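*Asks:* I have a structure I would like to understand better, so I am pasting it below and will then ask my questions one at a time.
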Amino acid sequence: MFADAPRILIYSAPFYPLLGGMERYAEDLASGLAELGYDVQLATRTPPGPQADADRFSFRVLRIARARELAAAMLRNDLTLFVGLTVLDVMLAMLLLRRFVVTHHGVYSLHGDTRRFSKGTVKRWMPRFFANISVSHYLASCLAGRHTVIHNGYRDDLFVPGNAARPPGSFIFVGRLVSDKGAELLVRGFARLHAARPQARLTIVGEGPERAALVQLAATLGCDDAIVFAGGQPSEEVARLLSRHQCQVVPSVSEEPFGIVALEGLAAGCEMIVTRRGGLPEATGGFGWIVDASADAIHDAMSEVLAGRSMRREPAVSAFLRDHERLAVAGQYADALALLLPPRQWHDARLRNAAAGRPPA
């Protein structure tokens, strides 16, 4: 840590021992900023897990239960970064006249909710009053106010191509087995492909309420012997599986805020097929097939992959991935946060970034 480093409070209501995208984002950002020399503390309302925070994390973790504890933490720090928009907590920061920025990871709406006034409506309207960072240009376009766009990063120590063989026609899906993720479309498209090319194989990684229906659908379509339902897996096993498949398919039917799973597949060396939904095209950098959310379109793209065609282009893919490595993304946040600090701290923060090997953006 640098002397007189700006004190950054990251507030993430969900955190370890909960495991999910928001929790992982908060941990990666906190550790990255700490490595760049910032004085980082993470506050959360999640009770502690079995492993002591001091043993697990390179930054300080504050477990809070009351608003006054969060207020005290904000007053002790120079700037607060909110992981997601929690209305009352953000209003508290506004009342305390603290410097803060809100990061956005979703459009704050429930599928099929058409009400003109709801909690989600309020959340989409509020960003006009403060500084914002959105994880995709798509998401920024859905919310009021001005936004800096910083894509999510990936764990570049984990998601790497590897040296394992990738059998031609080996496809993989990673995600929750819920209707929004489009696994049914994938199974239907794959069934057509397998009927014509019996060597094709599909691995489905994940759990969810639609698993039984998907297993039955595969049997009905006559491709159940070519599909492996691998269940939920830890990140390490997901990375290993991705590095052993020719192509990852992300067939979402809902608008994805970004789609870190697609970025991980690209980093693991897979050919990519993603639907034209939300931020998914941004997550692949255009180095994949961008298709409509239909079984026919997914089938056609899988046929292209099985025929040996590729959308990966080097060295452009490598350059895209370098910009999304964990520490590179933390550096982008450091530059954005520096602009919200007092002038003297802004100057010092940019010097720190340069000292860490990161020229000012």
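*Asks:* Which whole-Hz couplings ³J(HN,Hα) result when phi for each residue of the range 290-307 is put into the Karplus expression 6.51 cos²θ - 1.76 cosθ + 1.60, θ = phi - 60°, listed in order with x for Gly and Pro?
*Replies:* 9, 10, 5, 7, 9, 4, 5, 5, 5, 4, 4, 5, 5, 5, 4, 5, 5, 7
*Asks:* On to the next question. For a quick check: with amide H placed at 1.01 Å from N, whose amide H comes under 5 Å from G145's, ignoring anything fewer than 5 positions away on the same chain?
*Replies:* Here the answer is R128, since their amide H atoms fall under 5 Å of that of G145.
*Asks:* Same structure again: On alpha-carbon atoms, Rg over Rh for the range 170-319 using Kirkwood Rh? Write down the numbers at each step before the final one.
*Replies:* On the way: Rg = 13.9 Å, Rh = 15.0 Å.
That ratio is 0.93, to two decimals.
*Asks:* Here is a further query. For the chain, with a Gaussian network of springs between Cα atoms less than 10 Å apart, report the residue from Q51, Q233, Q332 with the top mean-square fluctuation.
*Replies:* Of the options given, Q51 has the highest mean-square fluctuation.
*Asks:* What angle do you read, to the nearest 10 degrees and between 0 and 90, between the alpha-carbon axis of helix 211-220 and the longest principal axis of the chain?
*Replies:* 20
*Asks:* Report ³J(HN,Hα) in whole Hz for each residue of the range 123-135, in order, from the Karplus equation J = 6.51 cos²θ - 1.76 cosθ + 1.60 where θ = phi - 60°; Gly and Pro get x.
*Replies:* Karplus-based 3J(HN,Hα) across the range 123-135 equals 5, 6, 8, 4, x, 5, 9, 8, 6, 9, 10, 10, 7 Hz.
*Asks:* Which of the trypsin sites (Lys or Arg not before Pro) found in the range 5-114 are in a DSSP loop and have at most 11 neighbouring Cβ atoms, other than their own, within 10 Å?
*Replies:* R66
*Asks:* While we're here: Divide, for the chain, the radius of gyration over alpha carbons by 2.2 N^0.38 Å, where N is the residue count.
*Replies:* Against the compact-globule rule of thumb, the ratio is 1.05.
*Asks:* Which order do the peptides 145-151, 155-161 take when ranked by the mean count of other beta-carbon atoms within 10 Å per residue, highest first?
*Replies:* Result, highest mean first: 145-151, 155-161.
Coordinate-derived values only; no laboratory data. These numbers come from a predicted model, not from an experiment. Cβ atoms come from the backbone with ideal geometry, glycine included; neighbour counts cover every protein chain shown.
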